[in-house]
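**Student:** Structure in structure tokens, see below.
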Amino acid sequence: MISISQNTKQFLVLLIKLLIVGGAFYFIYNQLANNDKLDWVQFTVLFKKNQSVVGIAFILLLSVLNRYFEILKWKNLVSHIQPITVGESTKQVLAALTAGVFTPNGVGEYAGKVLYFSKQNAKKIVFLNLICNGIQMVLTIVFGLFGLLYFNALFQIITPKTVGFLFGILILFLLFLFFFKKITVKGYSIERLIHKINAIPKAIHQRNIFLGCCRYLVFSHQYYFLFLAFDVDLPYFTLMAAVTSVYFLASSLPSFQFLEFAVKGSVALFFFGVLGVNEWIIIFVSTLMWFLNVVIPVVIGSYYVLNFKSTLSNSSVEV
């Protein structure tokens, strides 16, 4: 059995931290510097024309609120296991976001949060993170479906017959889940999952749903206000229907956090293209949303990653 000394372990931990942070900054720089669809000249001209300290502060405030509601969601859910402060929740959420920036759909975020808790609570933390992200996905689907229906009613993207067919598939899928909820796969079943969810107090679920709704309304309206800042003059409900549709369809596609703007941007090009919005504006708004809500939190989260203290810091490791 090989024993790894404390100094060696600390070096390896530091190396992993530097790789995570260095990789995050590299991908951020690469996406901003090598995206030939970003017309910086037009952006500069429009920015100088419409620049407003109040407007910039308002957009930044929405980014802070977006992440703050996520922090409160996590603090609320973790209270089921142990109480944590807003500061501790901030550390865990932002560090986990940075750790998950390279993984598909932020899977690494689950491992990032687990590291802040004891081993016996690892499965519970993964499950709570699933609940935390799950409610956001449910809200994205609900708002997105209404947005798609409204958008389709205006522009007839697909026929009523196709809409009915898709809803038929959805109903069949829900019926399948209901009638086969007791089927067990590797010890897990839908019924068992429901029992685990119900084991969490209703008050925690209610706060989770409320905070999830607040977060969704914040980042969807941030998208809306950015389009207004770029002189896109469209009816509120039409623009919001396009925004909710973009989030719904983009969230269903597998992607990495650092490519989020590219995925949302490609979906946004279709919907806002139908509305007659210039392509460069769509790309810029999508990129700004990514920068404000992913890049800046990742930069802050990098500090927490570099200052992370392993629970095994006082012991040697044997392999």
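The values are calculated or read from the model by the stated rules, or taken from the named source; none is laboratory data. Everything quoted here is computed from the prediction, not taken from an experiment. In this analysis, Cβ positions are derived from the backbone assuming ideal geometry, glycine residues included, and neighbour counts consider all displayed protein chains. When the accessible area is computed, the model is the full protein with side chains, heavy atoms only, and any ligands, DNA or RNA have been set aside. Shrake-Rupley method; radii C 1.70, N 1.55, O 1.52, S 1.80 Å.
**Student:** Kindly provide the set of residues from the range 226-239 that are in contact (Cβ under 8 Å) with a residue 40 or more places away in the chain and open to solvent by 20 Å² or more (accessible area, probe 1.4 Å), ordered by number.
**Tutor:** Of everything in the range 226-239, those that are in contact (Cβ under 8 Å) with a residue 40 or more places away in the chain and open to solvent by 20 Å² or more (accessible area, probe 1.4 Å) turn out to be ALA229, ASP231, LEU234, PHE237.
Listed here are the residues, each with its yes/no results for (1) among the aromatic types (Phe, Trp, Tyr); (2) surrounded by fewer than 19 Cβ atoms within 10 Å (Cβ to Cβ); (3) farther than 19 Å from HIS205 by Cα.
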{"site": "LYS75", "(1), (2), (3)": "no, no, no"}
{"site": "SER79", "(1), (2), (3)": "no, yes, no"}
{"site": "SER89", "(1), (2), (3)": "no, no, no"}
{"site": "THR98", "(1), (2), (3)": "no, no, yes"}
{"site": "TYR110", "(1), (2), (3)": "yes, no, yes"}
{"site": "LYS124", "(1), (2), (3)": "no, yes, no"}
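Conditions (1) crowded, with 22+ Cβ neighbours inside 10 Å; (2) assigned to a helix (DSSP H, G or I); (3) among the polar types (S, T, N, Q); (4) modelled with pLDDT of 85 or more, marked per residue:
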site: TYR247; (1), (2), (3), (4): yes, yes, no, yes
site: GLY276; (1), (2), (3), (4): no, no, no, yes
site: VAL285; (1), (2), (3), (4): yes, yes, no, yes
site: TYR304; (1), (2), (3), (4): no, yes, no, yes
site: PHE308; (1), (2), (3), (4): no, no, no, no
site: SER313; (1), (2), (3), (4): no, no, yes, no
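For every residue, the table says whether it meets (1) within 14 Å of ALA241 (Cβ to Cβ); (2) at pLDDT below 85; (3) surrounded by 12 or more Cβ atoms within 10 Å (Cβ to Cβ).
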{"position": "MET137", "(1), (2), (3)": "no, no, yes"}
{"position": "VAL142", "(1), (2), (3)": "yes, no, yes"}
{"position": "LEU149", "(1), (2), (3)": "yes, no, yes"}
{"position": "THR162", "(1), (2), (3)": "no, yes, no"}
{"position": "ILE169", "(1), (2), (3)": "no, yes, no"}
{"position": "LEU174", "(1), (2), (3)": "no, yes, no"}
